[in-house]
1. Using the Cα centre of the chain as origin and beta-carbon charges of +1 (Lys, Arg) and -1 (Asp, Glu), tell me which of ILE6, GLN208, ALA46 is placed farthest towards the positive end of the dipole.
2. I'd like the distance separating the alpha-carbon centroids of segment 93-150 and segment 1-43, in whole Å.
3. Sort LYS215, LYS154 by Cβ crowding within 10 Å, fewest neighbours at the top.
4. Fewest first, what order do PHE218, PHE83 take by the number of other Cβ atoms within 10 Å?
5. What lysines could a cross-link reach from LYS153, if we take a straight Cα to Cα line under 22 Å and drop same-chain neighbours fewer than 8 places away?
6. Note down the Stokes-Einstein diffusion coefficient of the chain in µm²/s, whole number, using a Kirkwood radius over alpha carbon pairs, 4 °C, and 1.567 mPa s.
7. Which one of GLY245, HIS108, GLY225 has its Cα pushed farthest toward the positive end of the charge dipole of segment 4-254, where Lys and Arg give +1 and Asp and Glu give -1 at the Cβ?
8. Nothing charged except the Cβ atoms of Lys and Arg (+1) and of Asp and Glu (-1): what's the magnitude of the dipole of the chain about its Cα centre? Round to the nearest 20 debye.
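Derivation of every value follows stated rules applied to the coordinates shown; laboratory data play no part. These figures come from a predicted structure and were not determined experimentally. All Cβ positions, glycine included, derive from the backbone under ideal geometry; neighbour counts span all protein chains shown.
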Amino acid sequence: MADLEIKNLHVSAGDKHILKGVDLHVRSGEFHALMGPNGSGKSTLANVIMGHPNLEVTEGQVLFDGEDITEADTDERARMGLFMAFQYPVAIPGVTVAKYLRTIINAHREGRGEDAISLKDFRKQAEAAMEMTQVPREFSSRYLNEGFSGGEKKRMEILQMALLSPKFAVLDETDSGLDIDALNTVAHGVNTIAEPSGMGVLIITHYQRILHMVKPQFVHIMYRGRIVKQGGPELVEVLEQRGYGWIGEEVAAAA
Ligand SMILES: Nc1ncnc2c1ncn2[C@@H]1O[C@H](COP(=O)(O)OP(=O)(O)O)[C@@H](O)[C@H]1O
Ligand SMILES: [Mg+2]
């Protein structure tokens, strides 16, 4: 099961009240897109789902598989099966990709009370995942994210998702400068990893492009810290044609 439920969530960073009552429910196997103009609070929602320490939940709850995780720390959430791309965007000098991947796999196994993975099994799984995500083999011996291009970092994240097979993935497409190859990697990753496994996915994006490659069943639009509109994939087309301006007008008219 992978059921993420967000109830009346209010979030602040310092003095700034960013999220102002967000409700969102993503059930197992569902694929949701969260869209909205820059600065509307999308990344804040992604970060608070993962338990970012700088964000304070002042009201409301985050439930995962029915369990209240509002106060759980990031590691705990990861062990429960939540995954976020851009979770580890930093370069780690001296740690190779292979070493890093093995470490995170083992941390997850340990969390589930399992033994460390054998070198043989690790190699087998890593090779299969690298092939699927088109990460060249020689990356195994490179230092994590050091000198990686935006697209290569993106592939690394999808590679992590493939290896960890989380129950729920939050993909924040913060970097709008991704080239078409990187978008393809994300789309391919979501389509080949998430779909068959029943993973829940929340993909966050400012642009519509990726949503032509992966088809969300539900689309939510965030505006000034609230989800102001929800619908199906047809909403993506509406935004493509009309942009975000009308959303603000609708919200103002309803106020
Ligand atoms: N740590 C923080 N401290 C203060 N303000 C923040 C912090 N994080 C985000 N914000 C502000 O909250 C608003 C929403 O930001 P963000 O969630 O990144 O929006 P989006 O991802 O939709 O572009 C912005 O005005 C941003 O400046
Ligand atoms: Mg953002």
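1. GLN208
2. 30
3. In increasing order of surrounding Cβ atoms, one gets LYS215, LYS154.
4. Ascending Cβ contact count within 10 Å gives the list PHE218, PHE83.
5. LYS42, LYS99, LYS124, LYS167
6. The Stokes-Einstein estimate is 69 µm²/s.
7. Of GLY245, HIS108, GLY225, it is HIS108.
8. The calculation lands at about 420 debye.
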